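Worksheet for the structure shown next.
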Amino acid sequence: MQQSGAPGGRGCGLFPLLAVLWFQGVYIVLSLEIKAAAHVQGYVGEKIRLKCTFKSTSSVTDKLTVDWTYRPPGSSRTESIFHYQSFQYPTTAGTFRDRISWVGDVYKGDASISISNPTIKDNGTFSCAVKNPPDVHHNIPVTELTVTERGFGTMLSSVALLSILVFIPSAVVVVLLLVRMARKSAGLKKRSKSSYKKSSIEVSDDTDQEEDDCMARLCVRCAECLDSDSEEIY
């Protein structure tokens, strides 16, 4: 069977990773695979990245195109919000005017975009389509975007996570240091007490010796005074 979208003369052995699509009773070989997140959660006022990646069996050329479309909730109306072919062509009208930015790199298989200053009105379905001739047959993944207000609970969760990552390890280090200092201080006190008992006995002995010497010197002095008085009488 001839492969649709592939150059003539290429055998099936050259496409070991190609997907096969059943469409209206005909097998179509997908030579281009696209991936995108099924669901993306965003917050009002915080930039959102809509990631889209692709793999092609052909080298990227200036013929490669990327098209992003948007469909509001509960609507069948689809609008083009971004086009890429060598240059970026964001939409110049509609809700996403001046808010779509290209953050991809087609040479790395990245066709992602970002939305700045998102609002709840941006909720809906986004589609990413890539064509890299001769690889044009591909799946078209969709991404459901949900934008909400960042509430107190979310902020509290962020603060709690920050505490876990920063403050708790620091507190553990401080506690370990305090325990180590306490143990070291207790050891010094024990050694100080034992040395104090030993030195007090020695000090007591030295004191008694000094008192005896003092008494002896006092006796000698008294004797010298008596002898002196006796000599003056004679």
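The values are calculated or read from the model by the stated rules, or taken from the named source; none is laboratory data. The structure presented is a predicted model; accordingly, all values stated were derived computationally and were not measured. Here the Cβ is made from the backbone with ideal geometry for all residues, glycine too, and neighbour counts use every protein chain on show. Ligands, DNA and RNA are excluded from the accessible area calculation, which covers all protein heavy atoms including side chains. Shrake-Rupley method; radii C 1.70, N 1.55, O 1.52, S 1.80 Å.
Taken per residue, the accessible surface of region 77-141 reaches 50 Å², heavy atoms only and a 1.4 Å probe. The 1.4 Å probe gives accessible areas that order 136, 175, largest first, as 175, 136.
Suppose R0 equals 22 Å; then what is the FRET efficiency for residue 114 and residue 61 from their Cβ-Cβ distance, rounded to the nearest 0.05? The value I calculate is 0.30.
When the surface is traced with a 1.4 Å probe over the full set of protein chains, residue 174 keeps roughly 80 Å² accessible.
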